[in-house]
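Colleague: Questions regarding the structure given below will be posed in turn.
The values are calculated or read from the model by the stated rules, or taken from the named source; none is laboratory data. The model shown is predicted, which means the values in this text are computed figures rather than measured ones. Here the Cβ positions follow ideal geometry from the backbone for every residue, glycine too, while neighbour counts run over all protein chains shown. For accessibility, only protein heavy atoms count, side chains too; no ligands or nucleic acids. Shrake-Rupley method; radii C 1.70, N 1.55, O 1.52, S 1.80 Å.
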Amino acid sequence: MATEKRNKEEEEVKTDDGSPKIKPRPIVQLGIFLVAHSPVFSVVFSAAGVLALLILPLLAKNTYISENALMPGSARSMLSNRDVSDGSKLVKDIKNYRLNHEGQVQKLVGKYMSEMVAEVYYQKFHPEGNQFHPLHFFSGPDSYTLLDNVSCASYGVNVAGIIRAPRGDGKESIVLVTPYDFINGGDYEALSLGITSTLFSLLARVTWLSKDIIWLVADSRYGDYRPVAAWLSEYHSPSFKVSDLLKCGERNTADNFRRAGTVAAALVLKVDGRSERFEDTLSIYAEASNGQMPNLDLINVVNYLAVHRQGFYVKVEKVVSLLSSSWLKIIGEIFEAVGKLAHTLNPDWNFGIPVADYLEGSATLASSLYSQALGIPTGPHGAFRDNQVDAITLKVSPRFPPDSKTRQHDFFLRGARLLEGTIRSVNNLLEKFHQSFFLYLLTSPSKFISVGVYMIAFALLVAPLPMVAASLYIEGCKALTKSTDNPTENLKSWKWLDAAKQVFALHLFGFIVTLLPYFICQVPGQHSPSNRSIMWGTTSSSLLLITFAAIPGCSPFTSRHHGTHWAVLKSVTISAAFIGLCLMSIINFATAEIGALLLVPTCLMAQPIKPALRSRRIKSMLGAFCSMVLLTIGFPVMFFAISKGLFGEGLVGLSLGGEFWTWLESLWAWKSATYLYIGMVHLPCWLLCLCILFHPS
Amino acid sequence: MACLVRSWIPLLFLQSFLVAIAFGSNEGEEFSEELLLKPLPDRKVLAHFHFENRAPPSNSHGRNHHLFPKAISQLVQKFRVKEMELSFTQGRWNHEHWGGFDPLSSMNAKPVGVELWAVFDVPQSQVDISWKNLTHALSGLFCASINFLESSTSYAAPTWGFGTNSDKLRYGSLPREAVCTENLTPWLKLLPCRDKDGISALMNRPSVYRGFYHSQRLHLSTVESGQEGLGSGIVLEQTLTVVIQPETTSVETNMQPSWSLSSLFGRKVVGSCVLAKSSNVYLQLEGRLGHESKNVDTEIEAHKLWMNSDFDLSLKPDRVIRESSSLLFIFDIDKSSDSEPFDLGLTWKLPSKWSCEQAPLHASRFLMGSGNERGAIAILLKATESQEKLSGRNLTTDGRCTIKANIFQIFPWYIKVYYHTLQIFVDQQQKTDSEVLKKINVSPSTDKVSSGMLEMMLELPCEVKSAAISIEYDKGFLHIDEYPPDANQGFDIPSALISFPSHHASLDFQEELSKSPLLSSFKEKSLVRSYTEVLLVPLTTPDFSMPYNVITITCTIFALYFGSLLNVLRRRIGEEERFLKSQAGKKRGGLKQLLSRLTAKIRGRPIEAPSSESPAAESSFLSSKLIFKIILVAGAAAAWQYFSTDK
């Protein structure tokens, strides 16, 4: 970029000298034009970026089954009443078992499985806490070292059963997961076991299986995710060394862990709460860690079967508070009006959608973006995605109370048919999921926005950054050459070096701040999250002061005449922000998108307030005010508080620091790249903007 | 007259001698058909068809065979095959329930897909050529893609790990080969009676392919005659092993299902193949049943054997033979006819349970790691219940009781195995190589040239509970045209073969047997071996529309590069500047001036001195020329239109 700038500079100089001008190439001309009018273009592009984001629900396409081999719903269901009665019996038995405290429910489930001619085994796992280690980012899920001193006090036991495909070659398998708390699982949770047991009883008899079926009853006493992750890590990367955990409990579960080939797909089934609607509700959760999504075809198959075959009401999560927001409604009305107008002009233009649809779509889109940006999996399926397996969580809410026997039969039948159809489709697959999209945002269970469309919004948002950087650089260089008359003038292409030093120092600071929590966690003694956040805050700010003191030219408070010009500093800052955002968009697009919404206006608006206050002009005062507001919002803690308020989670009080700490802790526990982004891109850029704001020029 | 007679006699003698020779050689060709039925502990029935065709040594080429298939004998002669085995298998052999320590399972439990191995009787340098030709010949003979084994990346030359020690042995397997009737039909064609008559008439395709396991095998070996001048004889052994679930109506789950031949296959045997020397059906009952009855002296006791409180046989066996742990009922089907077809049935009266004898260690293999980069292959050996019994019996060397296990494994070249990462864990303790590894032979793979091979001999203590072997690998990249049509399925690693060189399975019959090829092959000691699962490795697959993108991008880059290069080389900037200066004095067009003024205003700079090039004078000339051209073309078009419509 620097060379490009230099070229432009040379071009400019030539025309200034009045020497014969060679007509530059059109592309260079365009570049010069854009750079020359960067303020106008940056406003236009940023506005267009936001508009493109708002317009996304209109551009959503209907989903379709991309892989022909899936053929969902083409085979008739083979479920019989006998299978359903098997499932009902299991649910009843579990209830009795738990009432009478007859021992481990796992054994009961295992007994049922083995009666269905499945290979059964029990797996013990330790509910180890996710610990932050800075080096474990982006490493695989298996890099945990085994804990040496495992206590037998707390461990969970998973039950798994395998049905071998009668004529299959055992190369592939499909996993069904039902999380169930064996100690205090509710009646609704037991229903998920009933549905899966119904299905399992059928699958043990059928001859069409070509992939083995694994039913994992995960012990969700320690959360849904951990048991599944533990099972997967044993499945994919067992440790052959002796483990202390095996000595716990009466049963020797060491040797009988069984496997069944490469996992082709996984379905997690949960039953919770009563449906608020008239129909049974099915919620689909798909977001895995760092915004990874399963193949869209998997969601399509489930959605198709649930809607068109079994009559479930299918939904994906949405931000409820957005549904009632008036500003979004107004925008939706405008879009509807424009769509109607376009339709009258040309009947083929059918992009307008009703306001209600728009609201639904954008609320879902916002939730989809948020969950992807957060980088925390929305269910146990995240553990599968970490092992490159496509998986989704299905949460079913029946419309009847859990003790209604008559309704239960019908519910089991439909739930098991849905799973049967899905498994049959996946079973049909010869190749792994690859036909459909992996990068998409959902606006409803049957509508999606592909990567090619949603990239536009981000591209428009970040497009002004290089333009503004170039124009500011030219401006700053000019200002410097005017102000200084020293012989080093001819080294003008190295003007950015001072600014770059400052930017680099602050990025280094950001990196250290990112790593600090690891050391804070090592501090002996129990500390509340608020204390830890205070510790973090104080160390960080003292480090910042040290940085300012140690590296000359960094501090915004030292007023020196021959320091870096603020325009050059801003130019380098903007370049750094641009690079950071582009890199992040590759790792986790949604984070980059939300980050760009925050960072781009902040960076563009940042300018020294001293001259603005001095000049006492309305325009510059307004600009200074805007940049200050943006900077306040842009502070990570502040933004966290605002977003919490936006998502309707109540106002946070004094414990803001503590809650922020807890939130960050969850981010690094899930190895979310968002944490790295906040620490290494957002925070330094924000600090640099602060430097520019208080720049003594 | 006497003279005449005297002259005839030698002729007659000669004739009778020739006839005798001819018949003698034909009598040597023997064909026998046998069927072994065996109920399995998990409510299934195993049916093992066994056909043996023997051609005795002969000394002439182009000999006409009576029974022996000509295709096979030509194959043997042409490629000088010493021993060969080809198997087509669908489904997995269940070692836990169907047994792993009897001759039947060690010979007929085969890996999924096609497996072929052959030993040649040619000089070392010609072995590979013979193998390649053989694969093509077999491919045509059996309607299968065996010819894919021709490529040197798909076969290996095991030295000792396979069980047969020979440096002229080649081994290859195709795990993805689908097995169907089109492979069975040519196999049946090799039988003298096809599937028209005799036991093979039972092979109803739907019932054979409905089974849980189905393995069709062809084994041929040459028998050296030992005599000078005589060629070698050939023994062709064809077997089909099917595991079928009998259809039951009973709801009781612990009751073994009753079955008959007609319920299993939907057909009955109506007489033996007339060309067969012997055609027998055997029924083997394993486990508890065998031990119960000790004395079979009297007729009543013998009767009790096949019609007792446990089960009923629908037919009276011709003979009953006791084995150490099982009973063998022998039926001769020669007596059956159209009116009285042979339909053996077994009816269970009481629930019974037994277990099969298992191999000393149960082997399973799986992939470790996920993603597209690295991984590891692990082989897990677990002690089975029957291990203790076996180990005490025959394995005590220098005071230490050990189990020997051979592992033979082929790695395709795109699985780049790091042999130094081999780790061995015995009972969850990591062992050094020298402790357990007795012998190892590694031949690393060469990219796109040859596959890798690993042969290991482990010596494990008898009381071992579990042993694990892991070895890491990297996934290679294939060239775009090396991907198979369904590349996104992943790539198969062929089954590993685990054999136990110090364990031999054999049926120990207490009586002298009639000359039955099946039973005598069971009586021979056979190496206990088991195949592991086939593994599926997902490799990175390109987006197959990518070549197009690459071509477009490359072309664009080339165009840009060459365009600018030519520009740089061709352009003479000094001349251009001079030209521009000379042009600067001249007048500019009114429109141009207006434009330059406008742009200057937009840029907020003073109007530049008229400097830019403007071929204004030329432009008017050019435009008049252009207008003339347009008028010319339009006139021509009008004229054409006029003349064409006129007609």
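Colleague: Select from segment B:480-495 the residues that are more than 14 Å from chain A (Cβ to nearest Cβ) and within 24 Å of the chain's Cα centre (by Cα) and list them in ascending order. Reasoning before the result, please.
Modeller: Start the filter on segment B:480-495 by keeping residues that are more than 14 Å from chain A (Cβ to nearest Cβ), which leaves B:480-482.
Answer for segment B:480-495, where residues must be more than 14 Å from chain A (Cβ to nearest Cβ) and within 24 Å of the chain's Cα centre (by Cα): B:Asp481, B:Glu482.
Colleague: Here's another thing I want to ask about it. List, please: which pairs have Cβ atoms under 7 Å, are six or more places apart or on different chains, and start with a residue in segment A:64-90 that is free of Cβ contacts under 8 Å to residues at least 40 places away in the same chain and end with one that is surrounded by 15 or more Cβ atoms within 10 Å (Cβ to Cβ) and aliphatic (A, V, I, L, M)?
Modeller: none
Colleague: Also: Looking only at residues that are open to solvent by less than 10 Å² (accessible area, probe 1.4 Å) and modelled with pLDDT under 90 in segment B:209-233, which one is nearest to B:Pro341 (Cα to Cα)?
Modeller: B:Gly211
Colleague: Restricting attention to segment B:110-120, and to residues there that are closer than 30 Å to B:Cys356 by Cα and touching a Lys or Arg at 6+ places or on another chain (Cβ under 8 Å), which single residue is nearest to the other protein chains (Cβ to nearest Cβ)?
Modeller: B:Val112
Colleague: Please find, among B:Tyr213, B:Tyr171, B:Tyr155, B:Tyr209, the residue that is within 14 Å of chain A (Cβ to nearest Cβ) and within 15 Å of the chain's Cα centre (by Cα). Quick ask: steps written out before the conclusion?
Modeller: Working: B:Tyr171 fails: within 14 Å of chain A (Cβ to nearest Cβ); B:Tyr155 fails: within 14 Å of chain A (Cβ to nearest Cβ); B:Tyr209 fails: within 15 Å of the chain's Cα centre (by Cα).
Checking each option against the conditions leaves just B:Tyr213.
Colleague: Checking A:Thr378 against (1) away from every other protein chain (no Cβ under 14 Å); (2) free of Cβ contacts under 8 Å to residues at least 40 places away in the same chain; (3) in a loop (DSSP other than H, G, I, E, B): exactly one of these is not met. Which one?
Modeller: Single failed check for A:Thr378: (2).
Colleague: Also: Looking at segment B:45-61, can you tell me whether even one residue there is away from every other protein chain (no Cβ under 14 Å), open to solvent by 50 Å² or more (accessible area, probe 1.4 Å) and hydroxyl-bearing (Ser, Thr, Tyr)?
Modeller: Yes, some residue in segment B:45-61 is away from every other protein chain (no Cβ under 14 Å), open to solvent by 50 Å² or more (accessible area, probe 1.4 Å) and hydroxyl-bearing (Ser, Thr, Tyr).
Colleague: Mind checking which pairs have a first residue in segment B:539-557 that is within 14 Å of chain A (Cβ to nearest Cβ) and a second that is open to solvent by 60 Å² or more (accessible area, probe 1.4 Å), Cβ under 6 Å, 6 or more apart or different chains?
Modeller: B:Thr540/B:Asn372
Colleague: B:Lys448: closer than 17 Å to B:Asp474 by Cβ and surrounded by fewer than 16 Cβ atoms within 10 Å (Cβ to Cβ), yes or no? Before you say what the answer is, go through the steps one by one.
Modeller: Numbers: closer than 17 Å to B:Asp474 by Cβ: yes; surrounded by fewer than 16 Cβ atoms within 10 Å (Cβ to Cβ): yes.
Against the criterion (closer than 17 Å to B:Asp474 by Cβ and surrounded by fewer than 16 Cβ atoms within 10 Å (Cβ to Cβ)), B:Lys448 qualifies.
Colleague: On to the next question. Identify, from the list B:Leu580, B:Leu569, the residue that is within 12 Å of another protein chain (Cβ to nearest Cβ), more than 25 Å from A:Leu34 (Cα to Cα) and at pLDDT 70 or above.
Modeller: On the way: B:Leu569 fails: within 12 Å of another protein chain (Cβ to nearest Cβ).
After ruling out the rest, the residue left standing is B:Leu580.
Colleague: Within segment A:193-203, does at least one residue satisfy the condition of being away from chain B (no Cβ under 12 Å), of a type in the set (Val, Ile, Thr) and in contact with a Ser or Thr (Cβ under 6 Å, 6 or more places away or on another chain)?
Modeller: Step one: of segment A:193-203, the residues away from chain B (no Cβ under 12 Å) are A:193-203.
With of a type in the set (Val, Ile, Thr) added as a condition, the list becomes A:195-196, A:198.
Subset that is in contact with a Ser or Thr (Cβ under 6 Å, 6 or more places away or on another chain): A:196.
Checking segment A:193-203: at least one residue is away from chain B (no Cβ under 12 Å), of a type in the set (Val, Ile, Thr) and in contact with a Ser or Thr (Cβ under 6 Å, 6 or more places away or on another chain).
Colleague: Let me ask something else. Within the group A:Asn387, A:Asn428, which residue is open to solvent by 50 Å² or more (accessible area, probe 1.4 Å) and either in contact (Cβ under 8 Å) with a residue 40 or more places away in the chain or within 21 Å of the chain's Cα centre (by Cα) (or both)? Don't jump to the end; show me each part of the working.
Modeller: Working: A:Asn387 fails: open to solvent by 50 Å² or more (accessible area, probe 1.4 Å).
Only one candidate passes the filter, namely A:Asn428.
Colleague: Still on this model: Taking segment A:205-235 only, how many residues are open to solvent by less than 10 Å² (accessible area, probe 1.4 Å) and of a type in the set (Lys, Arg)?
Modeller: 1
The rows are residues; the columns are (1) within 14 Å of chain A (Cβ to nearest Cβ); (2) open to solvent by 20 Å² or more (accessible area, probe 1.4 Å); (3) at pLDDT 85 or above.
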| residue | (1), (2), (3) |
| --- | --- |
| B:Ile377 | yes, no, yes |
| B:Gly399 | no, yes, no |
| B:Ile410 | no, no, yes |
| B:Thr421 | yes, yes, yes |
| B:Gln429 | yes, yes, yes |
| B:Lys439 | no, yes, yes |
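Colleague: Could you list, in sequence order, the residues of segment A:265-289 that are within 14 Å of another protein chain (Cβ to nearest Cβ) and crowded, with 24+ Cβ neighbours inside 10 Å?
Modeller: Pass one, segment A:265-289, residues within 14 Å of another protein chain (Cβ to nearest Cβ): A:265-266, A:288-289.
Residues satisfying the conditions are A:Ala265, A:Ala266, A:Ala288.
Matching residues to (1) surrounded by fewer than 18 Cβ atoms within 10 Å (Cβ to Cβ); (2) free of Cβ contacts under 8 Å to residues at least 40 places away in the same chain; (3) within 14 Å of chain A (Cβ to nearest Cβ); (4) of a type in the set (Asp, Glu):
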position	(1), (2), (3), (4)
B:Pro175	no, no, yes, no
B:Val179	no, no, yes, no
B:Glu182	yes, yes, no, yes
B:Leu191	no, no, no, no
B:Asp195	no, yes, no, yes
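Colleague: A further question on this structure: If I filter segment A:657-673 down to residues being polar (S, T, N, Q) and part of a helix (DSSP H, G or I), which single residue comes out as least open to solvent (accessible area, probe 1.4 Å)?
Modeller: A:Ser666
Colleague: Output the qualifying pairs, or none if there are none: Cβ atoms under 6 angstrom, residues six or more apart or on different chains, first residue in segment A:255-283 and over 30 Å from A:Asp169 (Cβ atoms), second residue assigned to a loop (DSSP other than H, G, I, E, B).
Modeller: A:Ser275/A:Arg399; A:Asp280/A:Phe312; A:Asp280/A:Pro398; A:Asp280/A:Arg399; A:Thr281/A:Ser275; A:Leu282/A:Phe312
Colleague: Taking only pairs six or more apart or across chains, which ones have beta-carbon atoms under 7 Å, a first residue in segment A:231-253 that is more than 11 Å from chain B (Cβ to nearest Cβ), and a second residue that is modelled with pLDDT under 70 and surrounded by fewer than 18 Cβ atoms within 10 Å (Cβ to Cβ)?
Modeller: Matching pairs, first to second residue: A:Thr253/A:Leu246.
Colleague: Further question on the same structure: When segment A:317-374 is examined, which residues are found to be exposed (fewer than 13 other Cβ atoms within 10 Å of the Cβ), under 19 Å from A:Phe448 (Cβ atoms) and in contact (Cβ under 8 Å) with a residue 60 or more places away in the chain?
Modeller: The answer is A:Phe351, and nothing else.
Colleague: Of all residues in segment A:599-617, which are at pLDDT 85 or above and assigned to a helix (DSSP H, G or I)?
Modeller: Selection gives A:Leu599, A:Val600, A:Pro601, A:Thr602, A:Cys603, A:Leu604, A:Met605.
Colleague: Okay, next question. Restricting the first residue to segment B:351-372 and requiring it to be within 7 Å of chain A (Cβ to nearest Cβ) and within 26 Å of A:Glu172 (Cβ to Cβ), which pairs with a second residue that is open to solvent by 10 Å² or more (accessible area, probe 1.4 Å) and at pLDDT below 85 meet a Cβ separation below 8 Å and a spacing of at least six or different chains?
Modeller: As it stands, the answer is B:Gly369/A:Gly140; B:Gly369/A:Asp142; B:Ser370/A:Gly140; B:Gly371/A:Gly140, since those pairs meet every condition given.
Colleague: Now a separate question. Looking at (1) open to solvent by 30 Å² or more (accessible area, probe 1.4 Å); (2) closer than 24 Å to B:Pro360 by Cα, find the lone condition where B:Pro123 falls short.
Modeller: Of the numbered conditions (1) open to solvent by 30 Å² or more (accessible area, probe 1.4 Å); (2) closer than 24 Å to B:Pro360 by Cα, the odd one out for B:Pro123 is (2).
Colleague: Tally up the residues in segment A:205-227 that are within 14 Å of chain B (Cβ to nearest Cβ) and more than 16 Å from A:Ser77 (Cβ to Cβ), please.
Modeller: Matching residues across segment A:205-227 total 4.
Colleague: Can you pull out the strands (runs of 3 or more DSSP E) entirely within segment B:306-356 that have at least 1 residues that are of a type in the set (S, T, N, Q) and open to solvent by 10 Å² or more (accessible area, probe 1.4 Å)?
Modeller: Working: elements: B:311-313, B:319-322, B:326-332, B:345-348.
Because the criterion is at least 1 residues that are of a type in the set (S, T, N, Q) and open to solvent by 10 Å² or more (accessible area, probe 1.4 Å), the strands (runs of 3 or more DSSP E) in segment B:306-356 that meet it are B:345-348.
Colleague: Here is a list: B:Tyr531, B:Tyr483. Which entry is open to solvent by less than 60 Å² (accessible area, probe 1.4 Å) and modelled with pLDDT of 90 or more?
Modeller: Values: B:Tyr483 fails: modelled with pLDDT of 90 or more.
Within the list B:Tyr531, B:Tyr483, the selection yields B:Tyr531.
Colleague: Checking B:Glu96 against (1) of a type in the set (D, E, K, R); (2) away from every other protein chain (no Cβ under 14 Å); (3) open to solvent by 40 Å² or more (accessible area, probe 1.4 Å), which test does it fail?
Modeller: With (1) of a type in the set (D, E, K, R); (2) away from every other protein chain (no Cβ under 14 Å); (3) open to solvent by 40 Å² or more (accessible area, probe 1.4 Å) applied to B:Glu96, the lone miss is (2).
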